[in-house]
Structures are given as structure tokens and as C-alpha cells.
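The values are calculated or read from the model by the stated rules, or taken from the named source; none is laboratory data. Computed from a prediction, not measured in an experiment: that's the story for all the values here. Every residue, glycine among them, receives a Cβ derived from its backbone with ideal geometry; neighbour counts consider all protein chains shown. Note: accessible area is taken over every heavy atom of the protein model, side chains too, but ligands, DNA and RNA are not part of it. Shrake-Rupley method; radii C 1.70, N 1.55, O 1.52, S 1.80 Å.
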Amino acid sequence: MDSRMLTWMMKAAVVWSLLRLSAPQNPAPEGVLNCCEGDVLFLVDSSGSVTYYEHARILSFLSELLLPFSLGKDQVRVGLLQVGTNPRLEFGFDRYSTQSGLQGALKTIRPLRGDTNTVEALKMAKDWVLRPRIPDGAQESLPRVLVWLTDGIKPGDVIGPMAELREEGVAVLVVSTGHSNYKVLREVVSPPVENHLHFVHIDDMSIITKDLRDAIIEIIRAERLHVREVSTNSANLHWRAVLSGLEGSYKIHLGEVSTGGGGSGGGTGTSPSTGGNPYQRLVQPAESNSIRLTGLKPDTTYSVSLFPESTGLTFNTLSTTFTTKPEVVSPAVVTVSDSGQSSVRVSWGPLQPQTVTSYYIEYSALPGGSLQTVTVDRTQNSTLLRNLQPGTTYLVTVTARHASGKDKAMSVKVCTQEVTPALADLQLTTVGSDSVQVDWKSSADGLRGYWLTWEAQEISVPAQRSSLYLPPDSLSTRLTHLPPSARVCVSPIYQTARGDGLCCTAQFHSDASVYGFQS
């Protein structure tokens, strides 16, 4: 066969392939439109080991694979990077937002030829294409997928670069039209290998179209229906506004999964998603993206389905389930704080002013103490119990009186603090014949000061009591001109009263009859 005949046959093959590429496409498979959100980059081997015919077949395969997807910023973005001696980005993620534009671009791509410089192509993919993309209001980046189409011949040292992409969250899928380097290709794909690695003859690529498309969908499937802020009787339903700027509305079906029932305000019906149980029908305008679901039952599983509807357009039905929180009836918890010698604070929760009319607190000393009570408002979640006995255990019961007529009570034991002496170690040291140095120690906080008294103990000395106030930072003083036998007492002064004190007697060998003090 001469070179002219070979050239003619190659051109004929390319023309035949391109004609096939432009042939009418199959309609979009059900469940693919508006199913997904993410970035998919195709790494296409167009080096010298890939013939013109094989290159055209690969592009035809991609055309059929991508046709069902909705494209755009809030849908699926597609890029294509060709591998040759000098890899080239044919188009990036922001280039095409319509199928007509993408399909037209696939028809005009020509192979690069040359060496299989896959490593350089992967650098381009990592640095310029497969960067994380976080949508507005989201916390996580959208899924990213790299689909490598190769003949498996001399792929280069790709294990390391592919591993870096996977570590950064990129899912790697491989389609090989040859049967070499299975070990390398198996190592670079993301698990599960059986879904993400395909070996297929160039003329039979259509047989893996559905499997590969399903694998991509599984990775980039958009979780557009979210249930948030779930309480015992309500929840917020959020979705992506696919009808924004269009004529139409969202139909919402809400029903219990396990038992019959339903809400009101939007009509009722039965739905397979709720197991045949009645469901509530709601309608939201096209520009909306959320709704507050109210009137729900506590600890109940619900199924909710969203039906976007717009004339002339088809959208997927989105469904999810959620379970409301169990009902918590106050008081669910009772705690104790600020325990002192004669008081203690009791707190409870949660506050439920919508259902509780008041709180009734009972307390008594154990064992067998008299019962005392106090009633507080429904908006109050604590109270201070006063005039308790020091070093005593009390049983405290908090009862919530609900508007329904039912009461719920919870009890707790509390202990007041032991009484500790405010003063300790009173010492009198005689100084000369009629003076004494008075020293003491204090272990109480919050004292207002000290009260000192002294008086003669002998009958021969006229009875006379003297007293002296000292500030709280004083722990000593000197008394002078005391009688031969004087009794000295020091008492703590609290905020409301004078406490018990300590007393000692000073003995002198003196006949002094005049006495006083010196601080």
C-alpha cells in the first residue's frame, strides 16, 4: 500500500468518525438533568501512539457521555486537557454552559501528536484547573473529578502526581483503550477500582458509557435538599433555586414515614415516599429556596419531596427524610450552685414558657425536717433558697406546672456548708504589769471587722466593761492599764450580726485600778 492510499484511508476514517460525532444524539437518560454539581476534567491522550481514528472515537464517546448533563456555574462544569509533547488545555471549566457549545467544541478538537507527556499535563491540571471551588454559603468545596482516557502506552511516572491529586480530594477515573500497564492504572484510580477503571476496545467504548456516567454522577451528585435546624415540632427545608428567573413553582410533599398523619394548610394526599400515609402539600414560588416546616410531631420520621415545575422544562424530584427531636419536658435537669452555710441556689431547665405556667419548689432537711415551699414565675430558671441550717442535707424538688394540667417533678439532694470558726488561736501576751498584747487568727472571708471587750474578773475591782472596734484587716492590738485579772474577748462582725468570739484571761501582779487600751 503506497503512502497516498494510506493518507486517503486515514482521512476517510476521520471524516467518517466526525460524521458519526455529528449524528443525532440519544435523548438524555432519565434522572441525569440537574442531578449534579461539580467539576469534571477530561485528560485525553492525543500523542503519537493514538491514531486519528482512535482520537475521533474518543471524542465521539465523550460527546455521548456528557450530553445528558446540565452545564453551568451551578451545575456541571467540564474541561478538556490534551496530552502530547506540549499538553494543551482545549477549554476550561468556565468556557461552556450549554450543551450546544460543548458539543460544537468537541467536533473541532484536533490531536496534538508527539510524546505522551502525561506528567506535565497533570501539573497543569493541578495548578490551573482542579482547584477547590466553594459555592456561596457553603462550607465545603464542590466535588472534582479527573477522567483520564489513555491507550496505556508509556504513561510516564504518573503514580506520584495522581496520588497528590487524590490526597487533595480529586476523584481519579481511568478509561484505557489498550491492555498494558494494568498495575499502574489500577494504582492511580480512586476506589472502588471496579467502578473507576475501565478497559475497552476503541470500537466498543459505547458499552461503558452508562457505567462511567453513573460513576461520575455518584461522585458529583448534588445534595440539594437539606433539612436544618430540626426541633421537636419544626424544621427548615433548604434547596438550590433551580427555578430562579423562570416561571414556575416548587411543590412540596411532607408526610410521616412510620405512621399516618399530616399537616394542614396545603391540602393532603397519599405518596409512595410516605408508605401510603397522608401527606401535606405545600407550594413555594420560583424565587424561593427554603421553607419552615411547622406543626410537626416530636420524635417522628418524615419524608419530604420537592418537585420543581416550570413549563417546558424537566427537573428531578428531590427527596430526603429527617427525624424531629424527642420532646423534652421541663424540668429535664436540676443543678445546684453557690452553696453556702445558710443558702444554696437551685437551677433547672430547659425553660418552656409556652407550656409551663409556673415552677413550684419544695425543700426540707433530711431526715424529717419541716417542708418549705416557694413558687416562681415560668420565665425563671433558678432561685436562691435562704435561711438553711449549716452542714445539713436537704431534699429539693422542682415541679413544673404545665398548662396542659400535667406536672413534672425532679428532685435533687443538696448540702449546705459546715460552719467554720471565724476566729482561732487567741493569744494574750503580758507586757509589763498592766498591758497585754492580743493576737488572733481569722479564717472567714467577708468580715466587717472585730469587736474587742475586756473587764475585771476580781470582786475587789469595780465592774467596768470596755470595748473597741477594729477594722477587718487587724489581727492584733495592745491593751494597757488593765486590772490585775482581766477577761479579754474578740468577736467577728458579720454583715448583719456579731458572731461568737474567743475569750482569754490576763493575770497581772498589780494593784492598778485605772485601765484603758492602746491600739
Q | segment 90-115: number of residues that are in contact with a strand residue (DSSP E or B) (Cβ under 6 Å, 6 or more places away or on another chain) and more than 26 Å from Pro143 (Cβ to Cβ) | A | 1
Q.
Can you find, within segment 122-137, the residue that is most open to solvent (accessible area, probe 1.4 Å) among those that are in contact with an Asp or Glu (Cβ under 9 Å, 6 or more places away or on another chain) and closer than 25 Å to Ser47 by Cβ?
A. Lys126
Q.
Conditions first: (1) open to solvent by less than 20 Å² (accessible area, probe 1.4 Å); (2) under 19 Å from Leu80 (Cα atoms). Ser190 passes all but one, so which condition is the exception?
A. (2)
Q: Please specify each residue of segment 199-239 satisfying the condition of being within 30 Å of Leu296 (Cα to Cα), surrounded by fewer than 20 Cβ atoms within 10 Å (Cβ to Cβ) and in contact (Cβ under 8 Å) with a residue 12 or more places away in the chain.
A: Arg221, Leu225, His226, Val227, Val230, Ser231, Thr232, Asn233, Ser234, Asn236, His238
Q: Of all residues in segment 410-451, count the ones that are more than 22 Å from Cys489 (Cβ to Cβ), at pLDDT 90 or above and charged (D, E, K, R).
A: 1
Q | Number of positions in segment 74-109 that are assigned to a loop (DSSP other than H, G, I, E, B) and in contact (Cβ under 8 Å) with a residue 40 or more places away in the chain | A | 4
Q | Residues of segment 383-422 that turn out to be outside any loop (DSSP other than H, G, I, E, B), among the small types (Gly, Ala, Ser) and crowded, with 16+ Cβ neighbours inside 10 Å, as a count | A | 1
(Q) When you scan segment 142-162, do you find a residue that is modelled with pLDDT of 90 or more, in a helix (DSSP H, G or I), touching a strand residue (DSSP E or B) at 6+ places or on another chain (Cβ under 8 Å) and over 27 Å from Arg240 (Cβ atoms), even just one? (A) yes
Q. Only one of Met1, Met10 is open to solvent by 10 Å² or more (accessible area, probe 1.4 Å) and modelled with pLDDT under 50; which?
A. Met1
Q.
For segment 362-399: of the residues being aliphatic (A, V, I, L, M) and within 14 Å of Val333 (Cα to Cα), which is farthest from the chain's Cα centre (by Cα)?
A. Val396
Q.
Return the residues of segment 257-294 that are over 32 Å from the mean Cα position of the chain (by Cα), at negative phi and modelled with pLDDT of 50 or more; say none if nothing qualifies.
A. Asn277, Pro278
Q: Hey, can you tell me all the residues within segment 41-69 that are touching a strand residue (DSSP E or B) at 6+ places or on another chain (Cβ under 7 Å), polar (S, T, N, Q) and either surrounded by fewer than 20 Cβ atoms within 10 Å (Cβ to Cβ) or within 22 Å of Val170 (Cβ to Cβ) (or both)?
A: Ser46
**Q.** Pick from segment 140-187, criterion on the phi > 0 side of the Ramachandran plot and open to solvent by 20 Å² or more (accessible area, probe 1.4 Å), ranking: nearest to the chain's Cα centre (by Cα)
**A.** Gly169
Q.
Against the definition (closer than 30 Å to Ser364 by Cβ, part of a strand (DSSP E or B) and of a type in the set (D, E, K, R)), how does Lys441 come out, yes or no?
A. no
